[in-house]
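The structure under discussion appears below in the form of C-alpha cells.
The values are calculated or read from the model by the stated rules, or taken from the named source; none is laboratory data. Note that this is a predicted model, so its numbers are computed, not measured. With ideal geometry, Cβ positions are generated from the backbone for all residues, glycine too; neighbour counts draw on all protein chains shown.
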Amino acid sequence: MSILRKSGLAALAIALSASIALPAWALDKVAREKTLILMPDDGGAPQFRNPGQLNPYLPSNLTFRWSGGPIMEPLFYYNSLKDELIPWLAESYSYSDDFTEVTVKLRDGVKWSDGETFDASDILFTYNMLLENGNGAGGLMHASDVADRVESITSPDPLTVVIKLKRPDSRYAFRHLINHFGKGLFWLPEHVWSGKDPLSFNNYAEDGSLPVVTGAWKVVRSSPQQIILDRRDDWWGAETGFRDLPDVERVINIPKTGHDRAAQMVVSGDVDMTGDLVSAPLTKSVVESADNVTTFSGDEPPYGNLDWWPNSLYMNHKTGTWDDVRLRRAMNYYVNAQQLVDIAYLGANPVSRTPFPAFGSMAPYIEDSLELADNYEIGVFDPAKGDALMEEMGYAKNGDGMWEKDGKTVSGAFHGLALFEAVGPILAQQLRDAGIDVEFQTNTESRGLMVEGKTELSIFGHRGGVADPYDTLDLYHCKNAVDVGKPLLILDRWCNEQYSAIVDQIGLISPDDPQMRPLVRKAMEIWYENAVEVPLNQWVHRIPYNTTYWDNYPTTENPYMQPAFWFASGQFGYVLHNLEAKQ
C-alpha cells in the first residue's frame, strides 16, 4: 500500500471513527461503491462549524451549503455553463407585461418527506415569513431583499403563485426563484414551521424527523466530524415518474483541512471530490499522478471550470486615498495580470479585463467592454505611463523607491482570502516594484476587514450577473457606496450618479430588450473612464474527481451543471441526480 493511500485511509478512519462517540441512532450499512465522499472546505477549520443547524435563513448556518442545500429543492435550477433553465418544483413562470407581477405554476404531485403535499401554501408561508421579518426586526437571510422587492403574494389555486412586486423588475425570478451559485430561496413546509420562531428554530432532529424536505435525501448525521445524507427511496420524483432515484445512496462530508491532504485523499480514492484545490500546479500533479482522477477539463488546462467570480484588485473609494482618477489609472498600469496568471496559475486562468464572468450569455457585453478597455488602456501593463501620472500628481520617489507626496507614501492595508495566498504576494511585489508601498495579508481577520470597508486594497471576486450583466453592474451602484464600518461585501464602494442612473434604466427593461446592449456599453464607458478597479483574471474551480466509483461528473464535454458542491443555492443537488455508479 502506498504512503499516499495509507495517509488517506488514516485520515478517513479518524473522521469516520468519530461517530462511535455520538449518541446517534445506528446507520444502515451502505456499500462504498454506492457512497459519495465529499471533502468541503469550511474555512479550513478541522471540524464543521454549527452542525445540526439546518435553518436555511439563519446567517450562523455555516454548514447548510453541504447539508440542507442539496436536499431542499428549488423551483428552478440554472446551468450557467449552457445558459439553461431547469424546471424542478415548478413547471414555468411568467411576467406581467409591465414586469410588476410574476406568476409561477407549480408541479403537481410533489410531496414533503413526511408525506404531506407541497403546494402554493408553502410558498406563501415562506414569503410571508420573510416579509414579516424583513419589514420588522430583521435577522433572516434574504428577508430584507424580499421586503425591498415584494409587495404581496397570493395563490388563486394550490398550484399557482402570484408575486406582486413593488416596482418593475424583469430579473426578479432570477434573484429569488431560480437557484444558482449563491442565489435563490428555499421553501419551507408550513405544517412544520408554523408557530416556530424562525430566528431560533434550528430545523434538525437527531432521529431524522427534521428537516422535512422535498428532496431525495435526508440528513442522518450532522456532527463536527461528519455530515451524512442518505437517499430517500420514497422521494416524490421517483413515485411520479419525474426522475429515477439517484444512484448515490449515501453522501458523506468530512472537513477539508488543507489542499495537500485533500489531494492525497482524492488520489488514494478515499474521497471522491474535494473542495477547490485552487492551485493549478497542484491540480495538474494530481491528475497526472492517478489514472482515476480527473477534473472538469480533464488533464488539460485550466484543470477545472470557469466560475461566476472574476477577480479584481479593488480600491476602496471611501477611504479618500483613491479619489484622484490618475492614481487609479496608474495602479492599472502597474499591474501585470498576465505575469500574475503565468506564475500563480501556470497560465491556466484566463486574464480578464472586465468584471463579467466569461460565460456564453455574456459574450456580446464582454466584446463591447474589451473595446472600451482598449480605449482607456485598462488591463494594459505600462509602468512608464503610470510613473508619468504619479509625477503629474506631484509624487516623487523617496530613498526606498516608493512614491511619496507631502511626506506620505501610497500605502494601507491590503487583504485577501486564503484562496489568494499564491496571488497576493505577486501582486504586492508588482506594486512595490512600481513604488506603491503595500504588503499583502491574509488571516482570520481579512474577510471581516474587507466586509467593513477597513482595507485600502483587496483581492476578491465579483458575485454578479451570470445570465446578463445587470447584477454585476448593480454592484457599482451608488446605493452600495456605504461608509467605512458599515458591513457590505462590495469592496469598491464607488459612486457615480450618471452611472447609477443608467443602471436603474437597465433594471427596468428585459434582458432581451434591444436597448440592453447600448445601455450596458454606456455604463461600462463610465466605469472604464473612472478606472474603478484593476481587473485581473477569471476564477477557475479546480475540483478533482475520483472516477473509481462514480461517473458522469460535469465535464467540458457534458457541462450539465457547475460541479462545485458548496454553493448556498443547493445546485449540487442536481449533480447528485446525475452521477452514475460504475459498479
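Among the residues that make up region 530-541, is at least one of them aliphatic (A, V, I, L, M) and on the phi > 0 side of the Ramachandran plot?
Yes: one or more hits.
If we keep just the residues of region 304-326 that are assigned to a loop (DSSP other than H, G, I, E, B) and under 19 Å from the mean Cα position of the chain (by Cα), which is surrounded by the fewest Cβ atoms within 10 Å (Cβ to Cβ)?
Ranking the qualifying residues of region 304-326, first place goes to Trp309.
Scan region 273-282 and tell me whether some residue there is outside any loop (DSSP other than H, G, I, E, B) and buried (at least 23 other Cβ atoms within 10 Å of the Cβ).
Checked against the condition, which is being outside any loop (DSSP other than H, G, I, E, B) and buried (at least 23 other Cβ atoms within 10 Å of the Cβ), region 273-282 yields at least one hit.
Kindly indicate whether any position in region 272-281 is farther than 26 Å from Gly347 by Cβ and in contact with a strand residue (DSSP E or B) (Cβ under 7 Å, 6 or more places away or on another chain).
Yes, some residue in region 272-281 is farther than 26 Å from Gly347 by Cβ and in contact with a strand residue (DSSP E or B) (Cβ under 7 Å, 6 or more places away or on another chain).
For region 157-169, give me each residue that is assigned to a strand (DSSP E or B) and either in contact with a Ser or Thr (Cβ under 9 Å, 6 or more places away or on another chain) or surrounded by 13 or more Cβ atoms within 10 Å (Cβ to Cβ) (or both).
Answer for region 157-169, where residues must be assigned to a strand (DSSP E or B) and either in contact with a Ser or Thr (Cβ under 9 Å, 6 or more places away or on another chain) or surrounded by 13 or more Cβ atoms within 10 Å (Cβ to Cβ) (or both): Thr160, Val161, Val162, Ile163, Lys164, Leu165.
Test Asn480 against the criterion of being closer than 30 Å to Ser80 by Cα, assigned by TED's automatic domain parsing to the domain that holds Trp527 and not small (Gly, Ala, Ser), and give yes or no.
Yes, satisfied.
Sort out which residues of region 426-448 are assigned to a helix (DSSP H, G or I), touching a strand residue (DSSP E or B) at 6+ places or on another chain (Cβ under 7 Å) and within 24 Å of Ala384 (Cβ to Cβ), and write them in order of number.
Across region 426-448, the qualifying residues are Leu427, Ala428.
Might you let me know whether region 216-236 holds any residue that is on the phi > 0 side of the Ramachandran plot, surrounded by fewer than 22 Cβ atoms within 10 Å (Cβ to Cβ) and either more than 22 Å from the chain's Cα centre (by Cα) or in a loop (DSSP other than H, G, I, E, B) (or both)?
Looking for residues that are on the phi > 0 side of the Ramachandran plot, surrounded by fewer than 22 Cβ atoms within 10 Å (Cβ to Cβ) and either more than 22 Å from the chain's Cα centre (by Cα) or in a loop (DSSP other than H, G, I, E, B) (or both), one finds none in region 216-236, hence no.
Of the residues Pro40, Pro70, which is surrounded by 15 or more Cβ atoms within 10 Å (Cβ to Cβ), within 17 Å of Gly208 (Cα to Cα) and in contact with a helix residue (DSSP H, G or I) (Cβ under 6 Å, 6 or more places away or on another chain)?
Being surrounded by 15 or more Cβ atoms within 10 Å (Cβ to Cβ), within 17 Å of Gly208 (Cα to Cα) and in contact with a helix residue (DSSP H, G or I) (Cβ under 6 Å, 6 or more places away or on another chain) holds for just one of Pro40, Pro70, which is Pro70.
More than 30 Å from Lys522 (Cβ to Cβ) and outside any loop (DSSP other than H, G, I, E, B) - does that describe any residue in region 364-383?
Checked against the condition, which is being more than 30 Å from Lys522 (Cβ to Cβ) and outside any loop (DSSP other than H, G, I, E, B), region 364-383 yields at least one hit.
If the requirement is being at pLDDT 95 or above, under 17 Å from Pro357 (Cβ atoms), within 25 Å of the chain's Cα centre (by Cα) and among the β-branched types (Val, Ile, Thr), which of these qualifies: Val532, Val520?
Answer to the check: Val520.
From the list Gly465, Gly453, which residue is in contact with an Asp or Glu (Cβ under 6 Å, 6 or more places away or on another chain), assigned to a loop (DSSP other than H, G, I, E, B) and in contact (Cβ under 8 Å) with a residue 24 or more places away in the chain?
Of Gly465, Gly453, the one residue that is in contact with an Asp or Glu (Cβ under 6 Å, 6 or more places away or on another chain), assigned to a loop (DSSP other than H, G, I, E, B) and in contact (Cβ under 8 Å) with a residue 24 or more places away in the chain is Gly465.
Go through region 130-155 residue by residue and tally those that are part of a helix (DSSP H, G or I), within 25 Å of the chain's Cα centre (by Cα) and over 18 Å from Thr100 (Cα atoms).
Result for region 130-155: 5.
Here are some residues: Leu185, Leu131, Leu124, Leu177. Which one is outside the structural domain of Ser60 (by TED's automatic domain parsing), surrounded by fewer than 20 Cβ atoms within 10 Å (Cβ to Cβ) and touching a residue at least 24 places away in the same chain (Cβ under 8 Å)?
Selected residue: Leu124, the only one of Leu185, Leu131, Leu124, Leu177 that is outside the structural domain of Ser60 (by TED's automatic domain parsing), surrounded by fewer than 20 Cβ atoms within 10 Å (Cβ to Cβ) and touching a residue at least 24 places away in the same chain (Cβ under 8 Å).
Contact list please: Cβ distance under 8 Å, first residue in region 352-372 and in the same structural domain as Arg521 (by TED's automatic domain parsing) and at positive phi, second residue of a type in the set (A, V, I, L, M, F, W, C) and surrounded by 15 or more Cβ atoms within 10 Å (Cβ to Cβ), pairs at least six apart or on different chains.
none
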